Each structure stands twice: as structure tokens, then as C-alpha cells.
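This report refers to the structure that appears directly beneath it.
Every number here is computed from the coordinates shown, using simple stated rules; none is lab data. Just so you know, these numbers come straight off a predicted model, no measurement behind them. Here the Cβ is made from the backbone with ideal geometry for all residues, glycine too, and neighbour counts use every protein chain on show.
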Amino acid sequence: MNSLSRFEQYLNQFTDTTNVYEFLINMLIATVLAAFLQVYYIRFGNSVTNRKRFANIFLPLALATMLIITIVKSSIALSLGLVGALSIVRFRAAIKDPEELTYLFLVIGVGLGTGAGQTRITSLATLLIVGLLFLSQRIRGEARFKSEDKLYVNISTNITEITPINDVLKSAFTYVELKRFDTLENGLEISYICKADNIEQIDKARKALLALSPATTISVIDQPDLIV
């Protein structure tokens with residue numbers, strides 16, 4: 001067999017037609033795994049963003065990845081075309097929390113595995129990874145599920161000490177949890193999860209923070225489905 005014949009045989013293995021029934025089964029498995037990751041992330045994730053809204057992209061992301069891999073795996077030309085397309089497309093999604101990026105990689109992995117027909121290993125790996133994450137959270141005492149009416153409070157100020165800000169919030173709110181702390185060139189930017197029983201408590205905290213520094217800006221966002 002000469003070199004040209006071997007090359008033609010190599011190309012032929014990329015031209016097999018995808019079985020429709022196999023594709024539907026893989027899609028069903030990808031849907032189940034993506035939904036499983038979505039539920040787990042909403043209940044046990046630690047991101048301060050709206051996890052329910054962010055998790056809504058898990059299913060379409062997994063299925064879209066699976067569709068792309070299913071198509072390009074049967075053609076070396078399409079695979080090369082995909083590389084060229086991805087070099088043009090730019091995704092500018094703002095991912096501020098490393099945990100969000102981790103779950104996105106998990107969902108993309110589900111799409112890649114099911115699209116490549118490796119459903120057993122993909123399912124097993126997903127269950128093992130989630131199980132290890134849950135076990136790790138249990139060991140650290142972080143695996144909990146508690147949904148209450150919470151407020152996402154972001155404070156930007158020229159104050160350089162966090163202690164007076166903490167004291168103000170603890171005196172005004174019934175629940176205060178520090179989520180993010182950034183030191184800026186001319187002050188601080190801090191994010192909290194708080195719980196207020198009424199609007200008066202929010203106004204009390206606002207007035208007290210402005211009394212510390214009139215240059216303070218406060219952003220309060222209602223997050224009724226926030227899970228901490």
C-alpha cells in the first residue's frame with residue numbers, strides 16, 4: 001500500500017455518518033448531566049452572583065458543545081474549519097468568580113464527552129467530580145442549603161479600614177456576611193450578603209456609612225433566591 005492509499009484510508013475514517021439514535025441517546029445523557037450540574041451548583045455553589053440565573057446557561061452550553069463535536073468529529077475538514085472559526089470569534093463574558101469558570105469547564109466537558117460518544121466515562125467522571133466536591137464541602141463544613149431573602153450590598157469608599165464599615169452593617173442588619181474585599185488605590189470596594197427585616201434598616205445603614213465618608217457609594221440589590 002503506497003502512501004497515497006494510506007492517506008485516503010486515513011481520511012475515510014472521518015467521513016462516517018453519525019447514527020441518529022446514538023446521537024439522540026447522547027443528547028439525552030448530556031441533558032441529564034447538565035441538569036444535574038445545574039441543580040448542584042444552585043444549591044451548593046459559593047458564588048455571590050445570582051447562581052440560578054447563571055446556571056440557566058448550563059444546558060444550552062452542554063448541548064451546543066455536543067452538537068459541534070458530533071459534527072466536526074466526522075470530518076477532518078470541519079475540524080480544521082472549527083479551529084479557524086474559533087480564532088475569529090471572541091467571547092467577552094465577564095467571569096468574576098473562579099468557581100463559575102470551573103463549572104463552565106465541567107459543562108463543556110460533558111458536551112465534549114457526549115459528543116465524542118464517550119458517554120459512560122463522561123457520566124462516571126461527572127458523578128465522581130461532583131461527589132468529591134460535595135465531600136470536600138462537607139469536610140470544610142460548607143455543604144448547606146439555605147434559601148432566604150437576602151441583599152447583595154456593594155460598598156465603594158475612600159475609607160481605608162474595613163472595621164468601621166463592618167460595625168455599621170452589623171448594627172443595622174440582622175445578618176451580615178463578607179463575600180468580597182478589594183483594596184483600591186484610593187480606598188476599598190467590599191461586597192456583603194445581608195438580611196434586612198425592613199427598609200428602615202437599609203436606610204439606617206446608608207446614613208451611617210455616609211456619615212463615615214460622604215464619598216462612599218452604596219449599591220443594594222435584592223436577591224430573594226440567593227443561596228448562601
Given the range 150-223 reduced to its alpha-carbon atoms as identical point scatterers, what log10 I(q)/I(0) does the Debye formula return at q = 0.20, 0.27 Å⁻¹?
-0.76, -1.43
Table column - 3J(HN,Hα) (Hz), the range 111-122, Karplus curve with 6.51, -1.76, 1.60, x for Gly and Pro
x, 5, x, 6, x, 8, x, 8, 6, 5, 5, 5
Relative packing of peptides 106-114, 192-200 - highest average C-beta neighbours within 10 Å first:
106-114, 192-200
Figure the gain on full extension for residue 220 and residue 208 (residue separation times 0.36 nm, minus the Cα-Cα span) and round it to one decimal in nm.
2.8 nm
Ranked packing of 156-164, 214-222, 22-30, most packed first, by mean Cβ within 10 Å
22-30, 156-164, 214-222
So, in Å, what gap is there between the alpha-carbon centers of the range 53-69 and the range 160-183?
37 Å
Most exposed to least, judged by fewest other Cβ atoms within 10 Å, 181, 134, 44, 58 sort to 181, 134, 44, 58
When 150, 179 are ranked with the fewest other C-beta atoms within 10 Å first, the list becomes 179, 150
Amide H neighbours of residue 159 under 5 Å, at least 5 residues apart or on other chains, H built in the peptide plane: list them.
188
Please tell me the relative contact order of the range 150-223 in percent, rounded to the nearest whole number, where contacts are Cα pairs under 8 Å and at least six residues apart.
48 percent
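Rounded to the nearest 0.05, what FRET efficiency do residue 120 and residue 64 give with R0 = 25 Å and r taken as the Cβ-Cβ distance? Could you check?
Numbers: r = 22 Å, r/R0 = 0.88.
So, using R0 = 25 Å, E works out to roughly 0.70.
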